[in-house]
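**Q** So that we are looking at the same thing, I have put the structure below in structure tokens.
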Amino acid sequence: MKDQPVSPQPRDIDGNPVTPGLPMAMLAEITHRCPLACPYCSNPLELVRAQGEMPAEDWARVFRQAADLGVLQVHVSGGEPGVRRDLAQIVEAARDAGLYVNLITSGIGITRERLEELDRAGVDHVQLSLQGIRPDMADRISGHPGSWDKKMGFAAWVAEIGFPLTINAVVHRQNMERLPDMIDLAETLGARRIEVATVQFHGWADLNRKALMPTREQAAFARAVVNESRLRLRGRMVIDYVPADHHAIYPKACMGGWGSTGLNVSPDGTVLPCHAAPSIKWMRFENVRERSLSDIWHLSESFNAFRGTEWMPEPCRSCERKTVDFGGCRCQAMALAGDARATDPVCSKSPLHAGLVAQAEEDATGDTAEFIYRRIRK
Ligand code: SF4
Ligand code: FES
């Protein structure tokens, strides 16, 4: 582990100060508790327990600070936000702060009556996760028997109440071939949008690389399905797509650039530039119970660490794409290169790229289908 100094003032490679923009969206992870146990969960390996969660009054203060900072939209998420009995109170506080409220849910554990209550409290939009296309597949991947039936019932209520719906489908080696059916199902459920996200190998997903890594052929298949479906469904349903970047030439601009458009607040109030940031062990994260969201956004070491371009090493430093993809994903660089400042090894210009591709090919041919499910670790 390296103890690396971070610049309190972000600068470009010419040494000019860089002023951060303002966040538009905030992810409010109000709990890590969840009835599902997806093996690619984006929550950290060390989950916050119920007793560590911020109460609704604290969330109300955070939402007001977020709105003052420029945030327009809050994604109320988890874990499963429905496990919090005060969810409606939290939603109401977000609505009262003037935020557009997107509820991200597994659909498990929220009754029709509660969904109506959430409608009155101010939920503007619902995002429902989909693990598979059949009961056996969905239940096995989510680690929750009966999840499929509950989800389908929940989706029907969403349509009856009239919420706009987005389906979120994480795809990987064990369900990617059913992507056309997932898109059809989203359309049948009345979704206006589907997010097709190839699994990102941080945290829990990284533990499950050999069970989840798609093959190169699957990645190409998914890209073709998305392209064809976008044409076919134009004007009816939007398809957002996160491709399999282990098979790409250039990395994605993760989070649209570190500390540029969004921020995450963990159940205990820790404020993160992205969900996987705690994997950067030398980085210190601040808590909104101790410092204002505005100060954390503008002044904290964690948010300023990878703003601007001064921090970049070669080959990013002299690359024409440095303000396009910002050197890729910092957490992926941490996981794959052991250094959060390194060029994301997904990039073909990284000296580690060839090894990464070889490892991905090997993982994709792994014969294991067994998952390590997400759980609170002792
Ligand atoms: Fe992006 Fe860096 Fe690769 Fe250039 S060298 S494409 S900036 S990751
Ligand atoms: Fe943290 Fe990409 S997940 S920067």
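**Q** Being within 14 Å of ligand 2 (Cβ to nearest atom) and more than 15 Å from D325 (Cα to Cα) is the requirement here; does L293 meet it?
**A** Answer is no for this residue.
**Q** State the number of residues belonging to region 350-363 that are part of a loop (DSSP other than H, G, I, E, B) and away from ligand 2 (no atom under 16 Å from the Cβ).
**A** Qualifying residue count, region 350-363: 2.
**Q** Here's another thing I want to ask about it. Among the candidates I110, I133, single out the residue that is assigned to a loop (DSSP other than H, G, I, E, B) and either of a type in the set (S, T, N, Q) or farther than 23 Å from R84 by Cα (or both). Give the derivation first.
**A** Details: I110 fails: either of a type in the set (S, T, N, Q) or farther than 23 Å from R84 by Cα (or both).
Testing whether each residue is assigned to a loop (DSSP other than H, G, I, E, B) and either of a type in the set (S, T, N, Q) or farther than 23 Å from R84 by Cα (or both) leaves just I133.
**Q** Further, regarding this structure: Of all residues in region 183-208, which are crowded, with 20+ Cβ neighbours inside 10 Å and either free of Cβ contacts under 8 Å to residues at least 12 places away in the same chain or under 29 Å from A337 (Cβ atoms) (or both)?
**A** V196, T198, V199, Q200, F201, H202, G203, W204, A205, N208, listed by residue number.
**Q** Sticking with this structure for a sec: For region 53-85, give me each residue that is over 28 Å from G109 (Cα atoms), in a loop (DSSP other than H, G, I, E, B) and over 19 Å from the mean Cα position of the chain (by Cα).
**A** Residue satisfying the conditions is G70 alone.
**Q** Tell me which residues, restricted to region 305-349, are in a loop (DSSP other than H, G, I, E, B), closer than 19 Å to L272 by Cβ, of a type outside the set (D, E) and within 11 Å of ligand 1 (Cβ to nearest atom).
**A** Selection gives F326, G327, G328, C329.
**Q** Restricting the search to region 283-312, which residues are more than 19 Å from Q9 (Cβ to Cβ) and out of contact with any helix residue (DSSP H, G or I) (no Cβ under 7 Å at 6 or more places or on another chain)?
**A** Correct list: N287, E290.
A short reminder: the numbers here are calculations on the coordinates, not readings from a lab. Predicted model, so just to flag it, every value in this text is computed and none were measured. We place every Cβ from the backbone using ideal geometry, glycine too, and count neighbours over all the protein chains shown.
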